[in-house]
Structures are given as structure tokens and as C-alpha cells.
1. How far is the Cα center of the range 347-366 from the Cα center of the range 505-525, in Å?
2. Beyond 19 Å between alpha-carbons counts as too far, so tell me which of 328/510; 328/394; 349/371 fall in that bin.
3. Once you keep just the Cα pairs under 8 angstrom separated by 6 or more residues, what percentage relative contact order results for the range 24-124?
4. The range 378-433 to the range 130-178: how many Å between their Cα centroids?
5. List the relative contact order of the range 410-484 as a percent without decimals, with contacts defined as Cα pairs under 8 Å and 6+ residues apart.
6. Name the shape class, rounded, prolate or oblate, that the alpha-carbon gyration tensor gives for the range 514-571, where a ≥ b ≥ c are the square roots of its eigenvalues, rounded holds for a/c under 1.5, and otherwise prolate holds if a/b is larger than b/c and oblate otherwise.
7. Just to make sure I understand: if all protein chains stay in place, what is the order of 384, 221, 320, 411 by accessible area at 1.4 Å, largest first?
8. Select from 431, 43, 175 the residue farthest towards the positive end of the dipole of the chain; place +1 on Cβ of Lys and Arg, -1 on Cβ of Asp and Glu, and compute about the Cα centre.
Amino acid sequence: MKKSLTYLKPYSKTVAAGLVLKFLGSVAELFLPQLLRRIIDDVAANDALSMDQKLKYTLIYGGVMLFCAAVALLGNIFANRLTVISSGKMTHDLRYDLFEKTSHLSSRQVDSVGLPSLISRLTSDSYYVNQMVARTLRLGVRAPILILGGMLLAFLEDTVLACVLLACVPIVGLTVFLITRQGVPVYFSVQKKQDEMVQKIQENVTGVKVIRALDKSAFEVQKFDGTVQELAATEFRANKIMSLSNPLATLTLNLGLVALIVVGAFRANSAGTVLEFLQFFVIILNALIALTKIFVVISRGSASAARIERVLEMDTEEKVLSLPEGDKSQAIVFENVSFSYNGKEDHLKDVSFSLKRGQTLGVIGATGSGKSTLVNLLLHFYDVNAGRILVDGKDVRSYPSRDLLEKFGVVFQSDFLMAASIRDNVDFGRGLSDEQLLRALENAQATQFVTEHGGLDFCLTQKANNLSGGQKQRLLVARALAGEPEILVLDDCSSALDYKTDAALRFALKTQYKDATKVIVAQRVSSIRHADLILVLSDGKVIGAGDHETLVSSCEEYAEIFKTQMGTVEEGEA
Ligand SMILES: Nc1ncnc2c1ncn2[C@@H]1O[C@H](COP(=O)(O)OP(=O)(O)O)[C@@H](O)[C@H]1O
Ligand SMILES: [Mg+2]
């Protein structure tokens, strides 16, 4: 939690000003009971005063009371404003750093935390930290001052009555504290159940089409109902425990009040004094209850702070190694590369190949065979476990990541488009000219539909839902082409294109981007059959390598895929 709290430092002046105002407000509030006693005992019940004098003094004391009440109120209001400002700014900074850190995490680090968890750290966890800081600043000073100041004034006033007060305070405090301590863990499980519910909602909303298409709506609703019922039951349990605290506190409070009156009557204390103590009592006990509520917010907030700090403390320092160089005449070399995501099974095993500048590599294989993994390694998103990968003769681990990635234009398998104009999506903040953008769109076979939609300024909706799958893929290809990359990587990005467009795209790549080295991952033989080298992957292993003709005669699996797809290919290309 320490690290999160240092985020308050830049706002220490605002925090301090808030606390001073809180202090003044609380002290002013503590004067009220005494003033009340004076009006009753020294003015109303004082027979030595004439009616006029009584009226005069009542007005004076009343005025002072009003003034104190105003100071208490205004002090509190302004202090709370300052609190909101400092805790808000602090949360902003914390979120900013967390977001920045998140965007620099390595793929392995993201895997280790999990994407949904990273999102909830950025959203709900930072909110809980904000609540913790805001509440503590609001009540953390006020409540102790009211309790301690109240007790002090009470003792100065009447020791015996103060002792009655002192006896009640621990009883109420302990009751509320014990109940809260029981309730807090249950609240934590409420939070966990809420996470589960949000995840279910996310899955269902994202997969709504699939669920409908498979007629699984009723099943999913039932599952969701189960989750919601569990959440409701846990919440009920938490609230049942917590709801005990108010009636119990009120009961102790009332018993304490009775005790005060009885003791006051026995000792023949003045009416004013008894009333004064009753007020002290209410002020002190309310502060006590508030204090125990902070306990809940703090325990929740510190758990969230720990989750956030775990990410903030991750080491994102880039490690650039100096490693021996290899054959500079080759654009891409994989030398006996093996890799595992989890350290248990190999997701790529002993993969070797090399590719000259301007050549095309085709990668084909069943889903899960390691095609995207090969791309991830080439871009150095993960470190290899064995072997090495060279780009232009240099090990990918010896490049600063910016220098390596600059060489690439990539379309990932499940790539995304932003809710922004076509221009922004293809340019992606690189400041390219319209000419460059239009050339990329032309070669990506996107010109026609872009023109039909009104040109570069046409705005996409979220997830580009106002475009077809094939149109999205073409925009993504245009984005990869627009930077005129040395190496172009297309991971399964022609699956939604019709054969004619796919063929036109391949032709454009071959003629317009002659110098670029190309890595094309595809499901269809037709997309890669003209590649200089084709790798057939199965379970992370290369089970066939060579050009199309070689593979048809030498690799059974490849020949099989080719045979089953041939009919459609010829129809499509005819
Ligand atoms: N981030 C990851 N963490 C753990 N396993 C992964 C991860 N990404 C992919 N895998 C696993 O690696 C294998 C190969 O995946 P992938 O390269 O995406 O296959 P392909 O692109 O050929 O469909 C699969 O078994 C997949 O479950
Ligand atoms: Mg893939």
C-alpha cells in the first residue's frame, strides 16, 4: 500500500489544507454542547436574570452557536471538496502510471496476470483505492478529533459523567468492530462473485451471436441465473452480518443515554450538564461508528492497492543482449527454435528455416499447430527457449524492440480496428501522407469499398461493425502495407476474402512490394502456393518444408489439404 500512498505526495498541500479545515470544523462542532449547557443553566434557569437579560444572553449564545455550527458545516464542506480533489488527482496519476506500465508489459507478463484481471485493476481496483483515500481523509481526522476532543471536554466538565461515557465507548466500539470484522471477508467474496458475474456478462455479450446461432440462450440464461443467485446469497449474508451493527450500536447508545440520565439524576447534575453530555455521547458514538466503517474501506482498498502495486512493480526494463551475429544475406533465419508458453509442453519444436530478402514464406497447418506462435517469436513478443531467430543477421534479442518492430508491417490473427476514421485506422499515428494511404488501400484491394463509403474520412463504429469481415481484413492489410515495411507478416488475414480478391492481393504484394520479405500464414493452399518456401506445421513441429510442387509430392498432409481444397480453389479462381 505504501507505493500507492506516495501518489498523494504531490497534493500534500491540498491534503494539508483539507485536514486543517476538517480540524477547525470538528473543533467548532465540539463547542456546541457546552454552549447549549450555558443557555440552559446560566441563562434560562438563572433566576437572578431579568426577562430582558435572559432574552439578550440567549440571543448572544444562540448567535455564537450558530456561528460554530456554520464553521463546522462550511469547514466540513470545503474540506470534503479538497479531499475529493486530492484523492481524484491521485487516482488519476495512479491509473495513468498503471496504464503506461500495462502497455509496456511483455507478453509473458500479460499472460501471468491475465487480461481481464489487468482491466479490473485499471477500473475497479483503482476505484477502491480512491475510495479508501477519500474516506480516510474525510473521516480519518474528524472522527479521532471528535472522539478524543469530546472525551477531553467531558472530563474537564464532570469526571463522573465522563466515566459513564468512557465506559460505553469501548462497548459500542467493540460491537461495531467485531461485526465489521466478520462482515469484511464476506464482502470480499461478494467482490469475487461480482468479478465472476462481470466475466459471464462479458462472455455472453461478446458471444451473443454464437449463443443464439447454437440455440444456447436458455442454457446461458440458466447459467447466468446461477451466478447471480450465488452473488445475491453472498451479498445477503454480508448485509445480514453488517445490518446487526446499527441496531446493536443504537441499543448500546440508548442504554448509555439512560445510564447518563440516571447518574445525572442521582448526582443532581443540572439539566444543562445532562443535556450537554447527551450531545457529547451522540457525537462521540457516531464518530466511532464512522471510524469502524473506514476499517471496511481500508481493508478493501489495501487489497486493491496490493493488486495494483504488483503490476507497477513488474520489471519492464528492456533487456537488449549482445549476441553473436549470423548470416547477413538472409532476411529471416530460424535456427532450431523451440518454445513453450507454460514450460510444460513444447508449442514449437526444433523449427529451422531461412528466407532471403524479398522472398515469401507460407505457413500452413491446423488450428493450434503453432502458426501464430511462430509470428509471436519472430516479433520477439516472447523469448525462445532454445535455438535462435535472426532478422537481417542479428538475433532478435539483440535489437531494441523499437528498432526490430520498425522493420515489420503486421496483421495479427484477431487484429482490431478502432472506432475512428479510415484515415486514422490506416495511418495509426504515423503521420503518413494521403498518397501513401491511398496506395496502401489500393494494393490491399480496399479502394472500391472505401470510395463507396465516402473516402478516408469515413468513420468506423466500435470494432468496425459497420464493415464486413473481408472489408476489415483489407483495411488491416492496408495498415500493414502503408509503412512500406521491410518484412510483411500476414497472420490468417485472407480467410474472409473471396478467392478473386485474395488472388488480386497476392498479385499486388508480389509486384508492388517486391523487396519486402513476406510471411503469410493461411488456411488455404491457394493463398501460399506461390510462396518460395512453405512450412507445414503440426503440433509445433515442421512436418513438411519446400515449395508447392515439392510438398505435393513429398508431404502427405499437405497433399491431403491441397486435394480437399482443390475443387473450391478452381471454382473460385475460374
Ligand atoms: N498466450 C498463450 N498462453 C498459453 N498457450 C498458448 C498461448 N497462445 C497460444 N497458446 C497455445 O499454443 C498452441 C499454438 O497456438 P497458435 O500458435 O495460436 O496456433 P495457430 O496459430 O496455429 O492456430 C495452442 O495449443 C495454444 O493453445
Ligand atoms: Mg493462429
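The values are calculated or read from the model by the stated rules, or taken from the named source; none is laboratory data. The shown structure was predicted, so the numbers you read here are calculated from the model rather than taken from an experiment. Note that each Cβ is placed from the backbone with ideal geometry, even for glycine, and that neighbours are counted across all protein chains shown. Please note that ligands, DNA and RNA were not included when accessible areas were found on the heavy atoms of the full protein model with its side chains. Shrake-Rupley method; radii C 1.70, N 1.55, O 1.52, S 1.80 Å.
1. Taking the Cα centre of the range 505-525 as reference, the centre of the range 347-366 is 14 Å away.
2. Over 19 Å apart, Cα to Cα: 328/510.
3. 32
4. Spelled out, the Cα-based centre of one part sits 60 Å from the other.
5. Relative CO of the range 410-484 lands at 52 percent.
6. It comes out oblate by the Cα gyration axes.
7. On the way: 384 20, 221 95, 320 70, 411 0 Å².
From most accessible down to least: 221, 320, 384, 411.
8. Checking the options against the dipole of the chain, the answer is 43.
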